[in-house]
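Heads up: the structure comes next, in structure tokens.
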Amino acid sequence: MVVVMAEGATDAQVEQVVGQLVAMGFDVHRSTGAARVILGAVGGSERAEPALIELLDGVREVVRITEPYKLASRSFRPEGTVVTIGDVRIGGDEVVVMAGPCAVESEAQVRAAAAAVKRAGAKILRGGAFKPRSSPYSFQGLGEEGLRLLRWAADEQNLKVVSEVMDVAQVELLARYSDVMQVGARNMQNFTLLRELGHLRKPILLKRGIAATIEEWLLSAEYVLAGGNPDVILCERGIRTFENYTRNTLDISAIPVVKKLSHLPIIADPSHGTGRRDKVAPMARAAVAAGADGLIIEVHCDPDHALSDGAQSLFPAQFDRLMAELRIIAPAIGRSICVEPVTRRGWAR
């Protein structure tokens, strides 16, 4: 259930309500909005009477949440969550773009990519150091050395870093180098990993599984939220359908659906969503128009020779053009995007 405190409720009144909920067997998660405190009560007895809580001083109303995802529900935080990473805010008025190569291949490669995406207006550098590949013979990533190169390139351009964590054993290592930890589609229901990430105080980018329903996706987010980590960013990256003209089917409709069901910010991945370079820009434009809080896009300075997913990676010039188009679309729906392109560094190509 959700307990909405009255505007101006005192700390003592809030603590009294929390104490009563705990005594009834609930785990209590506190959300402070602009005007009032909201308490999310998870667990407890199914027979717990909301009326007993409504009678307490300072309580405005008690609402039962019928969805299985309690903390991810918009009822828990009606105004929406904004995930803050330094000076970057995901879920606010600005559409935040994450961009970079699928995999870190070399120092020169990742530095050139970082300079290119920064110049175009990206705020976060993406790149994989550990690559979950379908074939064991494909490039598996550079491991910690890749993370180190990614961090250096991002710091040089004043960018944040997002990189994928694949296993509980990698959590501590990824946390040292990344500002945002990505959970890929294959791990969306790796509940052991999700529980561990719930103990962190670092944003989690949770991609939708290739055959996951929206409810299953939100329940995976619930694992992280229930662990105490409130900073979850959802990522629609395409689902598997019978269509074979694209790598996946990017579910644009999931964006407004999630916006209605959940307070969590949602971004789109048109690169994995289509698997085709010529389809990335149209799907990116559509995602922003549908209300996405951001995008994550693969950009490579020589994608035809990339070691991973070159066919879906944009050339820097294509990314520049896309960002210019998004600056036209975003204001039409009351959003903004990084306005001033950054001057190219001398060593970038």
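Listed values, structure above:
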| quantity | calculated |
| --- | --- |
| Sole residue being surrounded by fewer than 19 Cβ atoms within 10 Å (Cβ to Cβ) and not hydroxyl-bearing (Ser, Thr, Tyr), chosen from Pro270, Pro256, Pro303 | Pro256 |
| Test: Ala103 is of a type in the set (A, V, I, L, M) and more than 20 Å from the chain's Cα centre (by Cα) | no |
| Some residue of segment 121-143 being part of a helix (DSSP H, G or I), assigned by TED's automatic domain parsing to the domain that holds Ala287 and more than 20 Å from Asp231 (Cβ to Cβ) | no |
| Members of segment 84-100 that are within 11 Å of the chain's Cα centre (by Cα) and either not β-branched (Val, Ile, Thr) or not assigned by TED's automatic domain parsing to the domain that holds Leu314 (or both) | Gly91, Met98 |
| Positions within segment 171-189 being free of Cβ contacts under 8 Å to residues at least 60 places away in the same chain, buried (at least 19 other Cβ atoms within 10 Å of the Cβ) and not small (Gly, Ala, Ser), in sequence order | Leu174, Tyr177, Met181, Gln182, Val183, Asn187, Met188 |
| Residue in segment 82-94 that is touching a residue at least 40 places away in the same chain (Cβ under 8 Å) and touching a Cys at 6+ places or on another chain (Cβ under 9 Å) present | yes |
| Matching residues, segment 151-195, being among the hydroxyl-bearing types (Ser, Thr, Tyr), in a helix (DSSP H, G or I) and either at pLDDT below 95 or closer than 22 Å to Ser106 by Cβ (or both) | Tyr177 |
| Subset of segment 196-230 (residues that are more than 20 Å from Ala292 (Cβ to Cβ), assigned to a helix (DSSP H, G or I) and small (Gly, Ala, Ser)) | Ala226 |
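The values are calculated or read from the model by the stated rules, or taken from the named source; none is laboratory data. Everything numeric here is computed off the predicted structure, so don't read it as measured data. Neighbour counts are summed over all protein chains in view; Cβ atoms, including those assigned to glycine, are modelled from backbone coordinates with ideal geometry.
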